[in-house]
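Only one structure is covered here, and it is reproduced in the block below.
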Amino acid sequence: MPATLHEHALFAGGPVLAGVHHLNPDIEPHAHDFLEIAVIGTGHGRHVTSQGERPLRRGEVIVLRPGAWHGFRDCTDLTVANCCLSAQALRAELAALYDIPMLRRMLWTDPAASGTHGVAVTNVDPAAAEEAIAEIGLLERDLGADQRRPGRVLGRLVTVLGVLADGRDPEQPTFESAVHPAVAATIARLEAAPAHPWRLDDLAQAVNLDPAYLGRLFRQYAGLTPLGFLARLRAERAATLLAHSSLPAARVGAAVGWDDPTYFARRFRALVGLTPTEYRRRSRSATHTQLSAPAEATDERRSHDAHSAAPHLPRVR
């Protein structure tokens with residue numbers, strides 16, 4: 001399987017990919033520039049991330065932000081159901097998911113928290129995991145149908161996310177139900193121009209709030225400070241450039257707003273878990289190679305390729 005999975009090659013303009021895979025060989029560590037949700041079913045294996053290796057358990061839900069990397073080792077009949085969301089769609093037709101507190105926590109705030117390197121692992125009860133895996137299988141079927149049914153795909157996606165959200169620990173804290181307009185406006189401003197030399201004072205002035213108050217609001221609704229959110233955004237954009245382009249690392253840093261190469265390398269490593277050079281090497285080292293394993297080893301790749309013509313969903317806001 002390629003070491004780097006790229007949104008433009010896999011999604012073909014569509015917002016969603018899905019597949020249920022049964023792994024026996026290793027899946028080498030790989031990076032990708034879209035959001036991935038992996039639901040772990042029956043079987044055995046180990047998960048590899050920047051935090052090291054650990055055994056997988058049935059009912060685990062792994063969410064990876066764009067730019068994050070992971071892999072699977074020592075797999076024995078391991079069931080992994082993947083639901084992948086285009087980063088572009090998350091800023092456009094799927095952006096309304098951010099307004100739903102339980103999904104905001106799952107897709108944005110948990111994996112973007114400090115020290116996670118873009119990877120969040122939570123648990124759902126086994127029944128919820130099996131239901132989610134079954135729904136992802138149906139989503140895979142709908143995506144592969146000859147007749148495009150964007151409404152059904154959107155409904156199935158929401159069902160998958162809802163099953164996973166409902167299956168989480170009910171004692172986990174949630175965020176307020178409606179995103180504060182000042183936070184939404186600030187997020188839009190940062191996403192539109194992440195390379196701009198933003199200061200907290202400037203962001204607060206733009207929404208007519210005291211900087212300290214904006215900071216508290218941002219933590220409440222986004223789980224990060226405004227500048228922490230900006231740093232995560234820059235790291236995700238930098239990861240995409242490192243994987244896609246041949247720009248020197250220093251120019252990648254400058255393109256996302258970190259002009260000092262040393263500072264860029266330090267911030268990128270803190271947020272992603274690798275230096276820019278290491279990330280580029282890892283994302284490209286096996287681009288033209290495949291695992292020399294039986295047919296099961298290529299299930300995931302074949303599933304991605306089979307859905308390269310995923311249908312467009314209607315805009316939801």
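A compact table of results
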quantity	calculated
Virtual spin-label span in nm between R46 and A212, 7 Å along Cα→Cβ	4.9 nm
Label point distance in nm, A96-T159, each placed 7 Å from Cα along Cα→Cβ	1.9 nm
L138 paired with R152, simple spin-label distance in nm, labels 7 Å along Cα-to-beta-carbon	1.1 nm
Relative contact order [Cα under 8 Å, 6+ residues apart], the stretch 4-173, whole percent	26 percent
C75, C83 arranged by Cβ crowding within 10 Å, fewest neighbours leading	C75, C83
J(HN,Hα) series, the stretch 39-50, from Karplus relation 6.51 cos²θ - 1.76 cosθ + 1.60, nearest Hz, glycine and proline x	9, 8, x, 6, x, 9, x, 10, 9, 10, 9, 5
Residue-by-residue Karplus 3J(HN,Hα) for the stretch 59-75, coefficients 6.51, -1.76, 1.60, Hz, glycine and proline x	x, 6, 10, 9, 10, 10, 6, x, x, 6, 9, 6, x, 10, 10, 6, 7
Karplus 3J(HN,Hα) series, Hz, for the stretch 26-31 with 6.51 cos²θ - 1.76 cosθ + 1.60 (x for Gly, Pro)	6, 10, 4, x, 9, 10
Built amide H within the under 5 Å cut-off of G67, gap 5+	H32, D33, F34
Kirkwood Rh in Å, taken over all unlike Cα pairs in the stretch 1-120	14.7 Å
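Since every read-out is calculated from the coordinates, none of them should be taken as a lab result. In this text, all values refer to a predicted model and were calculated from it rather than measured experimentally. Don't worry about glycine lacking a Cβ; one is built from the backbone with ideal geometry, like all the others, and counts go over all protein chains shown.
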